[in-house]
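Just so it is clear, none of the values below were taken in a lab; they were calculated from the coordinates. In this text, all values refer to a predicted model and were calculated from it rather than measured experimentally. Glycine gets a Cβ as well: all are built from the backbone with ideal geometry, and neighbour counts include every protein chain shown.
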Amino acid sequence: MRVNLFGYVKVGDPLDPPPHIDQPTARLAGYGDELLSQGEIALDLPGVELRLIVDCITEAALPRDVRGAIDIADLNLEDGRELPLFITARQVDQSRVWRSPIFMRSEACSRPRVMSMDPRVRQNL
């Protein structure tokens, strides 16, 4: 795969951007058996702060809803501090989705703390 990288156009035609100064092109090469065995082939682009990734996706139907639980005790949060929990996912078309952070405060207690990922469950952590 060959990728052309362009710079930001402040003045001029945005349909004809200049090549990126640090890395105008990049090549990512791999074979199908390598991709199948590793799951992805990646190339980091220093100076551009980008990472090119080719990864396998299944042809099977993917789930539309995701449910689960996170054992908050396993996160080893510092007691008394409020910390954000970010949940991200990747859609079928490879777009990233995320929700606003859930702010949690860990306090020493004897009951186990588990956060449900089911939006129908009201939680009082």
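Go through the stretch 1-77 and name the trypsin sites (Lys or Arg not before Pro) that are in a DSSP coil and have 15 or fewer other Cβ atoms within 10 Å of their Cβ. Working shown, then result.
Values: sites: Arg2, Lys10, Arg27, Arg51, Arg64, Arg67; in loops: Lys10, Arg64, Arg67.
Qualifying residues, ordered by number: Lys10, Arg64, Arg67.
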The farthest towards the positive end of the charge dipole of the stretch 2-55, of the residues Gly30, Asn4, Leu52, given +1 on Cβ of Lys and Arg and -1 on Cβ of Asp and Glu, is Asn4
With a Förster distance of 41 angstrom and the Cβ-Cβ distance between Arg81 and Gln38, calculated FRET efficiency to the nearest 0.05 equals 0.60
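Using the Kirkwood formula on the Cα atoms of the stretch 6-115, what hydrodynamic radius do you get, in angstrom to one decimal? Before the final figure, lay out each step's value.
On the way: mean 1/r = 0.0529 Å⁻¹.
When all Cα pairs of the stretch 6-115 are included, the Kirkwood radius is 18.9 Å.
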